[in-house]
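Read the structure below first, then the notes.
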Amino acid sequence: MARKARTPRVTFVRIAIALTALSFVPDLTFGFDAGSAAALMTLHTVAAVIVVPTLARRLARAH
């Protein structure tokens, strides 16, 4: 992505946000109870909040 995208950091963050949102789909459709779905969605969000900015910073330095 660092070589192909004009703005690799922005592109990465947008893709990561979209994929995080898509990760909620199974939580909502596989028949989990509300508490389990909320817990899984919260864990996906927490992981994204930690990982995405870290990787985006590294991508910005690499470019």
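No lab work stands behind these numbers, since they all come straight from the coordinates. Owing to the predicted nature of the structure, the values given are computational and were not obtained by experimental measurement.
For the chain, the 222 nm mean residue ellipticity estimated from helices alone, with every DSSP H stretch of n ≥ 4 adding -39500 (n - 2.57) and the total spread over all residues, rounds to -26500 deg cm²/dmol.
To the nearest 10 degrees, how steeply does helix 34-62 sit against the main Cα axis of the chain, on a 0 to 90 scale? Tilt of helix 34-62: around 10 degrees.
Of all the Cα-Cα pairs you can form in the stretch 8-62, what percent are over 12 Å apart? Above the 12 Å cut-off, the stretch 8-62 has 66 percent of its Cα pairs.
So what's the angle, to the nearest 10 degrees on a 0 to 90 scale, between helix 8-22 and the longest Cα principal axis of the chain? Approximately 10 degrees, to the nearest 10.
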